[in-house]
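Inspection log for the structure reproduced underneath, given as structure tokens.
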Amino acid sequence: MAVLPRPSVSTPSTVADDVRTVGPVELLPLVTDRLREILITGGDFDDIYRHVLAAPGKRVRARLVLACARLLPDGAAAPRPAAIDLACAMEMLHESSLLHDDICDGSLLRRGAPSVPAAFGVRIAARAGFHMAGTAMQVVAQVLAENQNVFGGIGEAPGVTYADRLSDLSFGQLIETLPPAVDATALRRHYELVAGAKTGTLFRLSCSYGGTAGGADHDRLQALMQYADQLALAFQIMDDVRDIEGGPELGKDACGDLDRRVPTWPVIEWLAVRPGAREMWLSTETASATLQAELVDSGATQAARAVALQATETASAALDIFPSSPARDDLRELLQQVINR
């Protein structure tokens, strides 16, 4: 049974048909409209979903789906409404993970507004998160069932992430709370594992479902996995830098990770070069403001930016397997935006 009947449209029938006329970013308003159709149904969570949709974020995962679905204009493509629905599903999975993140972290703000747990309570926020994730998977199942000729080979390409790895999100949340001893090498390995699970899982899913919708073969899907992993690393590092540097565009309280003593990448860089840093980090008497000043003054945030920049360069190179196209340009533009945001 369909999650929701799709409105009839007079737009081209496949993702590839309109690749020269409409860019992925220009399609994002369609994702927002479709999300409202899927989520606002007169149910118990309508108020929460309106609250979430009022501060939509940058729709990075939706953009990944739409761009990856358009990398091969001559490929066998799914209908554009199917790509829109997949983009919605990835955004719903992301939003549901944020609801649960805010519960775990006790966050009061999200994108400059009260977080859902703060505004509606922890219990209903948790229920809404599960409901939204379940709805997302219904949408994915519907798209796959309606486009079996395009998605029939899912799971055949080795190393390509699909919904069977969705539990990696929870794995990332769990292991984030279990950092290793304060050793720079071990912390870097731990950080990359967490970033690959918490941020990378949905980036990989967005690229895999988008790329499959656009007819990408196994080699190209594997290249998209490398792109997604490196984008996730850069994205998470830059989130860490912004959390330390703060600013009105942050949309939440700065230094939250420092308050919780989360060993983010700038912290790892600082621990590796600053004599006495380990003792300062472990001491309960060291204020977060002191750590913030240390991380900025020591050059640790700049060193973290350099690592993020290298990750974006690796991600960009992974796209060389695709022909030149507006969609490939958009994926590379996204890398620049991650670094410059």
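The values are calculated or read from the model by the stated rules, or taken from the named source; none is laboratory data. Note that this is a predicted model, so its numbers are computed, not measured. Cβ: placed from backbone, ideal geometry, glycine included. Neighbour counts: every protein chain shown. Heavy atoms of the whole protein, side chains included, go into the accessibility calculation; ligands, DNA and RNA do not. Shrake-Rupley method; radii C 1.70, N 1.55, O 1.52, S 1.80 Å.
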Taking region 30-57 and keeping only residues that are modelled with pLDDT under 95 and either closer than 14 Å to residue 86 by Cβ or surrounded by 14 or more Cβ atoms within 10 Å (Cβ to Cβ) (or both), one is left with 56, 57
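Given the condition under 15 Å from the mean Cα position of the chain (by Cα), closer than 23 Å to residue 220 by Cα and β-branched (Val, Ile, Thr), answer yes or no: does some residue in region 60-82 qualify?
Going residue by residue through region 60-82, those that are under 15 Å from the mean Cα position of the chain (by Cα) are 60-68.
The next check asks that each one be closer than 23 Å to residue 220 by Cα; those that pass are 60-68.
Still in the list and also β-branched (Val, Ile, Thr): 60, 65.
Checked against the condition, which is being under 15 Å from the mean Cα position of the chain (by Cα), closer than 23 Å to residue 220 by Cα and β-branched (Val, Ile, Thr), region 60-82 yields at least one hit.
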Looking across region 297-341 at residues that are more than 22 Å from residue 68 (Cβ to Cβ) and in contact with a Phe, Trp or Tyr (Cβ under 8 Å, 6 or more places away or on another chain), the single one that is surrounded by the most Cβ atoms within 10 Å (Cβ to Cβ) is 300
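Of all residues in region 158-187, which are charged (D, E, K, R) and part of a loop (DSSP other than H, G, I, E, B)?
183
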Task: Test for residue 122: is it modelled with pLDDT of 95 or more, open to solvent by 20 Å² or more (accessible area, probe 1.4 Å) and not acidic (Asp, Glu) - done: yes
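Which helices (runs of 4 or more DSSP H) sit wholly inside region 193-296 and have at least 3 residues that are over 30 Å from residue 326 (Cα atoms) and either open to solvent by less than 50 Å² (accessible area, probe 1.4 Å) or acidic (Asp, Glu) (or both)?
Working: elements: 200-213, 218-245, 256-259, 265-273, 277-282.
By residue number, 218-245, 256-259, 265-273, 277-282.
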Only unsatisfied item for residue 190, checking (1) more than 22 Å from residue 89 (Cβ to Cβ); (2) open to solvent by less than 20 Å² (accessible area, probe 1.4 Å), is (2)
For helices (runs of 4 or more DSSP H) lying entirely in region 92-152, having 1 or more residues that are free of Cβ contacts under 8 Å to residues at least 12 places away in the same chain and closer than 19 Å to residue 173 by Cα picks out 122-146
Considering region 131-177, residues that are touching an Asp or Glu at 6+ places or on another chain (Cβ under 9 Å) and open to solvent by 40 Å² or more (accessible area, probe 1.4 Å), and then whichever is modelled with the lowest pLDDT, we arrive at 155
Flagged in region 175-202 as touching a Lys or Arg at 6+ places or on another chain (Cβ under 7 Å) and under 15 Å from residue 318 (Cβ atoms), in numbering order, are none
Of (1) open to solvent by less than 20 Å² (accessible area, probe 1.4 Å); (2) at pLDDT below 95, residue 73 satisfies every one except (1)
Considering region 104-119, residues that are modelled with pLDDT under 95, of a type in the set (A, V, I, L, M, F, W, C) and open to solvent by 50 Å² or more (accessible area, probe 1.4 Å), and then whichever is nearest to residue 162 (Cα to Cα), we arrive at 104
Out of (1) more than 18 Å from residue 47 (Cβ to Cβ); (2) more than 15 Å from the chain's Cα centre (by Cα); (3) open to solvent by 10 Å² or more (accessible area, probe 1.4 Å); (4) of a type in the set (D, E, K, R), the one residue 101 does not meet is (2)
(1) in contact with a Leu (Cβ under 9 Å, 6 or more places away or on another chain); (2) surrounded by 15 or more Cβ atoms within 10 Å (Cβ to Cβ); (3) at pLDDT 90 or above all hold for residue 23 apart from (3)
